[in-house]
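Visitor: Pasting a structure below so you can have a look.
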Amino acid sequence: MTSTRTPARPSGAPAGPAAVRLGGQLAAARPHLRAALCLAPALVILVAGFQRRWMSDDGHIYVRTVRQILAGNGPVFNAGERAESSTGTLWQWLLVLAGLPGADVASAAVYGGLLLTAAGFALAAWGAVRLHGGGAVRLHDGSGARPYSGGGGRLLLPLGALVPLALPPVWDFATSGLETGLATCWIGGAWLLLVARPRSLATAFVIGLGPLVRPDLALVSAVFLGAQWLIARPSRRAALAGAATAGALPVAYEIFRVGYYGHLMPLPGVTKEASRSLWGRGLHYLGDFSGPYLLWVPALLVVAAVVPAVLPLVPPAGRATSAGASGGTLVPALAPVLAGALCWAYVIKVGGDFMHARMFLPGLFLMVLPVFLVPATRAWTAAVVGVGVWAVVCAAVLRIGYEGRIGPGGIADERGVYVRQNAAAHPVHHTFGGFRENAAYAREVRAAGRDGGSALFLSRTRLAADSPSVTGFYATLGLNGTVVPLDGAALDPIGLAYPLAAHSQPIAHRRVGHDKWLPDEWLFADRGRGVPPAEMDSARVAAARRALNCGALAELRSATRAPLTAGRFLRNVAGALERTSFRFPNDPVRAERELCGAEAP
C-alpha cells in the first residue's frame, strides 16, 4: 500500500513554493499587523476614557491661569499676585495654544488630555515593537531554547498593556483636565526614542522635558538620561552636548520661575510640602490602589514570565560584559522599571494624594513598558492568558468601596464626587446642580461681579474688600476661579494659588493634600477693609496685620506683589531658596511674636 503522506523536508532544505508564498504574505502583512498592535491599546483607552470624560476642580485651576494669560495678565492665577498654581508647566502652555483661536479651554483640556493619553499608549506599543521586534533585545522564551530576537515573523501579544487598560482610575484620568494625559504621552514618547534613537540629541531634548511635564517626573528624566548614556557611551563632548540639550528648556524656565514667582517650585509643591516624609500615609495610599484591584495578581504573573527570560542575559559573577551588549539588551528594558519604582517610592514618601490612584498611574505605566507587547512564545502566552483573565475581572467587577464619595484617610473617588456634585454624567463645566452650597456661592459671587463693586466673600459671608473688584476665599479653588472675575482675586485657605496660605505651617491630622488651612483673620487682614465682623476676633486680625509687615512675611508679599523690575527679579532669584522654605504659624498672635520680635506690642 503506497503512503500518501508528504515526506518531511530535510533540515536546511529550501522551502517549497507554498511555504515561500506564505512567508512572503506574512512579511507583507507584518507592517500592517504592527500598526494594528500599536493602535489597538490606544483605541481601547480612547473609548474607555471618552465614556468617563469629566473635568476635575483642579483642572479648572489650569483653566483660570490660561484665561489670565490670554487676557494679557501673565501666567498668574490672580492679576496683581505672581503665584504659580499650575503644577504641569508644559500642560498649561499647551492649553494656552489651544485657547488662542478662541476654543473653550475646559473642553480643550478634557479632549486634548484624552488624545494625548491615547497617543501615549500608541507610542508605548510602538516602543515595545521596536524593543522586541527590532532586534534591540534578545530574550529567552522560558523554555530552555536559545535566545531569540524578535526580528522574525513572531506575533506580538499585549501583556503589560492589559494592566492599565483594565483599571478604572486609568479610564478616569484619561481626561480630568489635568496633566496626566500629557505625562502618559511624554513617557511613551521618551521611551520609544530611548529604544529607537538612543544616540540622538532630539531624544535627549525630549527626555529632558520631564520636570516641565510634572516636577516629580524629573526622576524619570534622570533615569532615562542615564540609560541613554549607557546605551550610546558618547564621547565627553557628545555627552556635554546631550546634557545641555536635555537641560536647556527646564533650566531656562527655572530661572524664569525663581525670578518671576520668587519660588523654586510651583506653589502646590510648597502647599503640599513636597520634600517631607509621610511613609505611613503613603503606604495607606498604595493599599488603597493595589488592594481593590488585586494588582498583585498581574504583578506575579508578569514577574513569573520575565525572570526566566531575563536571567540568561545576566552575566555570571566576575565576568564583565561589553558596553554594547549591556546597552543593547537590558538597559532599555530596565530603565522604565527603575524609573517607575522611583516614582512610586516618591509618592509613598510624601504621603500619597487625595485623589484615588492618580499619583501612581505614571509609575505604573512606566513599569509595564518593557512588556507592553511581548512575543507569542509559550511562556509569554501563558502570562498573557493569566493577565487577560484578571483584566476582564478587574474591568468588569473590581471597584473601590467608596465610589462617588471620599473614603478612608480622605482619599476620594474624585470623578465620582464631581459627577454627583454636578448631577451630570460627564461634567466638563462647573454647575454643581447636586451640591447646593457651592451653587449658592457661585450665584452670589457672579452677581457681585456683574454689579462691578468691591466685595470680599469669606465662604458665603459678604464683607467690604480692600480692592476694586471681587475677592473670594473658598476651598474649592477651581470653582472659585471660575466664578470670580479675572480682575478679582480667587483665593483658597489651602494655598494652591495663595502664597500666604501656602507658607503657613501644616496642620496635623488633616486630609492628605489639604494639610493647610489659613484662618479667616489672615484673609481679612490681607484683603479686608474696615472693622472685622462680630464673629471674628479683632485682636487676632490686628496681630495678623502687623505680622504681614514684618520680616520674611513682608518679603514674601513683596516678592509676589511688588512691580517686577529688574532689581525685584534679581532679589527674587537670590532669595528663592530661603523664601520657598519659609513657614509661619497659623495663629496670628504667635506669628506676630515670631516675625516682628521686639516690634510686637
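Visitor: Pairs, please: C-beta under 8 Å, at least 6 apart or cross-chain, first residue within 14 Å of TYR62 (Cα to Cα) and open to solvent by 10 Å² or more (accessible area, probe 1.4 Å) and in region 174-190, second at pLDDT 95 or above and part of a loop (DSSP other than H, G, I, E, B)?
Guide: Matching pairs, first to second residue: THR180/PHE173; THR180/ALA174; LEU182/GLY88.
Visitor: Suppose we filter region 516-549 for residues that are open to solvent by 10 Å² or more (accessible area, probe 1.4 Å) and either assigned to a loop (DSSP other than H, G, I, E, B) or of a type in the set (D, E, K, R) (or both); how many remain?
Guide: 19
Visitor: Sticking with this one: Sort through ALA508, ALA497, ALA475 and tell me the only one that's at pLDDT 95 or above, farther than 27 Å from GLY49 by Cα and not in a helix (DSSP H, G or I).
Guide: ALA497
Visitor: Can you name the residue in region 424-440 that is closer than 18 Å to ASP58 by Cα and in contact (Cβ under 8 Å) with a residue 12 or more places away in the chain and is also most open to solvent (accessible area, probe 1.4 Å) among such residues?
Guide: Ranking the candidates gives HIS429 first.
Visitor: Hey, another quick one. Yes or no: region 460-471 includes at least one residue that is outside any loop (DSSP other than H, G, I, E, B), touching a Lys or Arg at 6+ places or on another chain (Cβ under 8 Å), closer than 21 Å to LEU548 by Cβ and open to solvent by less than 10 Å² (accessible area, probe 1.4 Å).
Guide: Yes.
Visitor: Given ALA124, ALA109, which one is at pLDDT 95 or above, buried (at least 21 other Cβ atoms within 10 Å of the Cβ) and over 23 Å from SER56 (Cβ atoms)?
Guide: Working: ALA109 fails: over 23 Å from SER56 (Cβ atoms).
Going through ALA124, ALA109 in turn, just one is at pLDDT 95 or above, buried (at least 21 other Cβ atoms within 10 Å of the Cβ) and over 23 Å from SER56 (Cβ atoms): ALA124.
Visitor: Conditions: (1) in a helix (DSSP H, G or I); (2) over 28 Å from VAL368 (Cα atoms); (3) open to solvent by less than 40 Å² (accessible area, probe 1.4 Å); (4) in contact (Cβ under 8 Å) with a residue 60 or more places away in the chain. ARG67 meets all but one. Number of the miss?
Guide: (3)
Visitor: I'd like to check something: does region 385-399 contain any residue that is open to solvent by 70 Å² or more (accessible area, probe 1.4 Å), touching a residue at least 24 places away in the same chain (Cβ under 8 Å), within 29 Å of GLY160 (Cβ to Cβ) and not aliphatic (A, V, I, L, M)?
Guide: yes
Visitor: Kindly indicate whether THR482 is closer than 30 Å to ALA174 by Cβ and of a type outside the set (D, E, K, R).
Guide: Taking the combined requirement at face value, the residue satisfies it.
Visitor: Further question on the same structure: Hey, which of the helices (runs of 4 or more DSSP H) in region 328-425, taking only ones fully inside, have at least 2 residues that are β-branched (Val, Ile, Thr) and farther than 14 Å from ASP172 by Cβ?
Guide: 331-349, 378-396
Visitor: Mind checking which residues of region 45-63 are buried (at least 19 other Cβ atoms within 10 Å of the Cβ) and assigned to a helix (DSSP H, G or I)?
Guide: Correct list: ILE45, LEU46, ALA48, GLY49, ASP57, ASP58, GLY59, HIS60, ILE61, TYR62, VAL63.
Visitor: Given the criteria modelled with pLDDT of 95 or more and under 23 Å from PRO211 (Cβ atoms), does LEU159 qualify?
Guide: Against the criterion (modelled with pLDDT of 95 or more and under 23 Å from PRO211 (Cβ atoms)), LEU159 does not qualify.
Visitor: Next question, about the same structure. Could you please tell me which pairs satisfy a Cβ distance under 9 Å, a separation of 6+ or placement on different chains, a first residue in region 446-461 that is in contact (Cβ under 8 Å) with a residue 12 or more places away in the chain, and a second residue that is among the basic types (Lys, Arg) and open to solvent by less than 60 Å² (accessible area, probe 1.4 Å)?
Guide: LEU456/ARG527
The values are calculated or read from the model by the stated rules, or taken from the named source; none is laboratory data. Here the structure is a predicted model, which is why all the values come from computation and not from measurement. Glycine also receives a Cβ, built like all others from the backbone with ideal geometry; neighbour counts cover every protein chain displayed. Accessible surface is based on the protein model in full, side chains and every heavy atom, while ligands, DNA and RNA are left aside. Shrake-Rupley method; radii C 1.70, N 1.55, O 1.52, S 1.80 Å.
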